[in-house]
Amino acid sequence: MININKLTKYFEDNQVFSNVSLHIEKGQIISLIGPSGSGKSTFLRCLNLLEEPTDGTVIIDNISLSDRKNSIAKVRQKMGMVFQSFNLYSHMTMLENLCIAPVKLLGKDPEHAVHKATELLQMVGLGEKLHSFPDELSGGQQQRAAIARCLTMEPEIILFDEPTSALDPTMVSEVLAVIRKLAKEGLTMIIVTHEMEFARNISTRVLYMDEGGIYEDGSPEQIFDRPQREKTQAFIHRIRSMRYHITSKDFDLYELQGEMQAFCEKHWIPKKVTGYVLLLAEEILLIQSDYSDIWINLYYSEKDGNVELKTESSGPQVNPLEEGVLEDDIGLKIITGACESVDYSYEEGKNVLKLKVKAG
Ligand code: ADP
Ligand code: MG
C-alpha cells in the first residue's frame with residue numbers, strides 16, 4: 001500500500017532523517033514512537049506532502065508522490081491526517097465542519113454529505129452535538145469530531161500525529177477508543193503517540209524513530225518487551241543515567257558519591273537503595289587493578305524502578321569478582337549482599353561489570 005524508498009529530509013543543513021525505506025501493507029496499524037525532535041511529525045508530513053522530502057520516493061497505491069502536479073489532491077484524499085490541535089472551524093457547527101470538504105473538494109451532493117456527516121458524528125458518539133459549535137464541546141469531543149471529519153473524505157490511510165497529547169488526561173481514553181474502533185475496520189493507520197499501552201495493544205507493528213531514521217522496527221512484543229537495540233531499550237524503560245570518569249588511583253571518591261547521591265535524590269530513589277549504590281561504588285572501586293580509565297555508570301529505570309551500576313575498565317581481562325582473584329572476600333560479600341545480580345563480561349578491551357542493585 002505504501003512504499004517508501006530512501007526518504008530523506010533536511011531543513012536547510014539540518015538533517016531530520018535520511019534513507020528511510022519502508023513497506024507498509026494495507027490494514028497495518030503502525031505506531032511511530034521516539035523521543036521528541038526525532039522527526040516523527042516531519043516524517044508524517046512528508047508522507048502526505050505537507051512537507052517536501054529532500055530526496056527519496058514515496059509510492060502510495062501506485063501513485064508516485066514525486067509527480068507533484070497530479071498527485072497532491074489524489075494523495076490527500078487517500079490519506080487523512082489528524083493533528084494534536086483539532087483545527088475545527090470555530091464559526092461552523094459540527095455538521096458544517098464535516099460537510100465542507102466533501103462538498104467543496106469531492107463535489108458531493110450537500111444532502112448526501114449531511115447524511116454521511118450525521119452518521120459519522122453518531123459513530124464517534126456525537127449524535128447529540130450535530131448543531132453545536134467547537135467551543136461548546138470538550139477537547140475530547142472536538143478531537144473525536146476531527147477524526148469524523150477526516151473520515152468524510154473516505155480515506156484509506158489515516159495519519160495521526162499525537163492525537164491525544166493536547167487533551168486533558170481524563171479525555172484521552174474516549175479518543176483512543178474511537179481510534180481503536182477504526183483500527184478494527186481495516187483502515188491503514190500510522191499513529192504517532194506517547195501512549196505506550198495503547199500503542200502496544202492496537203498496533204500490528206511498531207517503529208522506533210531515533211538517530212535520523214527508523215532505529216528499530218518490530219512487533220509490539222519485540223519493541224515493548226524485548227527491544228534489541230540500546231536506544232530503544234533506554235526509551236522503553238525510560239532510563240535515566242549518569243556517568244563518572246576515573247583516570248587515576250587518587251580519584252575523588254567523595255565527589256563521585258556526591259554526584260550519585262544527587263542523581264538518586266533527583267529521581268526519588270529510596271534511601272536504602274541509594275545507600276546500596278554508594279556502598280557498591282566504593283567497594284567496586286576498591287577491588288579494581290587498573291585505575292587509568294574507569295567509567296562508572298549509574299542507570300535508573302523510571303518504568304520499573306530498577307537501578308543498575310556498571311563499571312567499564314580498560315586493561316587485560318580480569319573478573320575481580322571471580323573466586324580466588326581477591327585476597328580477602330569481605331568486599332565480595334558486601335557487593336553480592338547489596339545486589340540482586342552480578343554480571344561480568346569482557347567487551348572490546350574492557351572489563352564490564354553490571355550490578356543490579358537490590359530493591360529497598
Ligand atoms: P518530533 O515530531 O519527533 O518531535 P519533528 O518532526 O517535529 O520531531 O522535528 C524534527 C526536527 O526537525 C527537529 O529538530 C525540529 O526542530 C526540526 N524541524 C521541524 N519542523 C521544522 C521546520 N518547519 N523548519 C525547520 N526545522 C524544523
Ligand atoms: Mg511531533
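The values are calculated or read from the model by the stated rules, or taken from the named source; none is laboratory data. Quantities reported herein were computed from a predicted structural model and do not represent experimental measurements. All Cβ positions, glycine included, derive from the backbone under ideal geometry; neighbour counts span all protein chains shown. We work out accessible area using only protein heavy atoms, side chains counted, and drop any ligands, DNA or RNA first. Shrake-Rupley method; radii C 1.70, N 1.55, O 1.52, S 1.80 Å.
Sub-6 Å Cβ pairs linking a first residue in the range 167-194 that is over 22 Å from His23 (Cβ atoms) to a second residue that is aromatic (Phe, Trp, Tyr), at least 6 apart or interchain, are Leu176/Phe198, ordered by first then second residue. Checked against (1) part of a loop (DSSP other than H, G, I, E, B); (2) within 16 Å of ligand 1 (Cβ to nearest atom); (3) surrounded by 14 or more Cβ atoms within 10 Å (Cβ to Cβ), Phe43 meets all criteria but (1). Can Glu111 be described as assigned to a helix (DSSP H, G or I), open to solvent by 50 Å² or more (accessible area, probe 1.4 Å), away from ligand 2 (no atom under 16 Å from the Cβ) and modelled with pLDDT of 95 or more? It is true that Glu111 is assigned to a helix (DSSP H, G or I), open to solvent by 50 Å² or more (accessible area, probe 1.4 Å), away from ligand 2 (no atom under 16 Å from the Cβ) and modelled with pLDDT of 95 or more. Here Met81 meets each of (1) closer than 22 Å to Thr193 by Cβ; (2) aliphatic (A, V, I, L, M); (3) open to solvent by 50 Å² or more (accessible area, probe 1.4 Å) with one exception, condition (3).
Take the conditions of a type outside the set (A, V, I, L, M, F, W, C), at pLDDT below 95 and in contact with an Asp or Glu (Cβ under 6 Å, 6 or more places away or on another chain) and apply them to Gly315. Does it pass? Judged against the criteria, Gly315 is a match. Entry remark, the range 306-341: residues being surrounded by 13 or more Cβ atoms within 10 Å (Cβ to Cβ) and assigned to a loop (DSSP other than H, G, I, E, B) number 10 in total. Say whether the condition of being more than 27 Å from Glu221 (Cβ to Cβ), open to solvent by less than 30 Å² (accessible area, probe 1.4 Å) and outside any helix (DSSP H, G or I) is met by at least one residue in the range 23-39. No: the range 23-39 contains no residue that is more than 27 Å from Glu221 (Cβ to Cβ), open to solvent by less than 30 Å² (accessible area, probe 1.4 Å) and outside any helix (DSSP H, G or I).
Residues considered: Asp109, Asp55, Asp135. Of these, the only one that is under 30 Å from Ser18 (Cβ atoms) and assigned by TED's automatic domain parsing to the domain that holds Glu211 is Asp55. For the range 44-54, the condition of being without any contact (Cβ under 8 Å) to a residue 24 or more places away in the chain and more than 19 Å from the chain's Cα centre (by Cα) holds for at least one residue.
Does at least one position in the range 57-72 carry a residue that is in contact (Cβ under 8 Å) with a residue 24 or more places away in the chain and of a type in the set (Gly, Ala, Ser)?
To start, the set of residues in the range 57-72 that are in contact (Cβ under 8 Å) with a residue 24 or more places away in the chain comprises 57-61.
Imposing the further condition that a residue be of a type in the set (Gly, Ala, Ser) reduces the set to none.
No, every residue in the range 57-72 fails to be in contact (Cβ under 8 Å) with a residue 24 or more places away in the chain and of a type in the set (Gly, Ala, Ser).
Among the hydroxyl-bearing types (Ser, Thr, Tyr) and in contact (Cβ under 8 Å) with a residue 60 or more places away in the chain - does that describe any residue in the range 273-284?
Initial filter on the range 273-284 (among the hydroxyl-bearing types (Ser, Thr, Tyr)): 274, 276.
Subsequent filtering for residues that are in contact (Cβ under 8 Å) with a residue 60 or more places away in the chain retains 276.
Among the residues of the range 273-284, at least one is among the hydroxyl-bearing types (Ser, Thr, Tyr) and in contact (Cβ under 8 Å) with a residue 60 or more places away in the chain, which makes the answer yes.
Ser241 - would you say it is away from ligand 2 (no atom under 16 Å from the Cβ), open to solvent by 20 Å² or more (accessible area, probe 1.4 Å) and either in contact (Cβ under 8 Å) with a residue 24 or more places away in the chain or among the polar types (S, T, N, Q) (or both)?
Details: away from ligand 2 (no atom under 16 Å from the Cβ): yes; open to solvent by 20 Å² or more (accessible area, probe 1.4 Å): yes; either in contact (Cβ under 8 Å) with a residue 24 or more places away in the chain or among the polar types (S, T, N, Q) (or both): yes.
In short, yes.
Can you confirm whether Asn19 is closer than 28 Å to Leu121 by Cβ and open to solvent by 10 Å² or more (accessible area, probe 1.4 Å)? Give the derivation first.
Details: closer than 28 Å to Leu121 by Cβ: no; open to solvent by 10 Å² or more (accessible area, probe 1.4 Å): yes.
No.
From the residues in the range 147-204 that are within 16 Å of ligand 1 (Cβ to nearest atom) and open to solvent by 30 Å² or more (accessible area, probe 1.4 Å), which one is nearest to the chain's Cα centre (by Cα)?
The first filter runs over the range 147-204 and keeps only residues within 16 Å of ligand 1 (Cβ to nearest atom), leaving 159-166, 190-196, 199.
Going one step further and asking which of them are open to solvent by 30 Å² or more (accessible area, probe 1.4 Å), we end up with 162, 165-166, 194-196.
On the way: Glu162: 11, Ser165: 13, Ala166: 17, His194: 6, Glu195: 9, Met196: 8 Å.
The qualifying residue nearest to the chain's Cα centre (by Cα) is His194.
I'm told Asp61 meets every condition in (1) within 16 Å of ligand 1 (Cβ to nearest atom); (2) open to solvent by 20 Å² or more (accessible area, probe 1.4 Å) except one. Can you identify the failing condition by its number? Unmet condition: (1).
Residue count for the range 21-55 under the criterion of being of a type in the set (A, V, I, L, M), within 27 Å of Arg238 (Cα to Cα) and within 16 Å of ligand 2 (Cβ to nearest atom): the result is 4.
Is it the case, given these coordinates, that Ser292 is open to solvent by 30 Å² or more (accessible area, probe 1.4 Å), farther than 16 Å from Arg240 by Cα and not assigned by TED's automatic domain parsing to the domain that holds Asp225? So Ser292 fits the description; yes. The condition (being in a helix (DSSP H, G or I), open to solvent by 40 Å² or more (accessible area, probe 1.4 Å) and not assigned by TED's automatic domain parsing to the domain that holds Arg200) is satisfied by just one residue among Gln261, Gln257, Gln222: Gln261.
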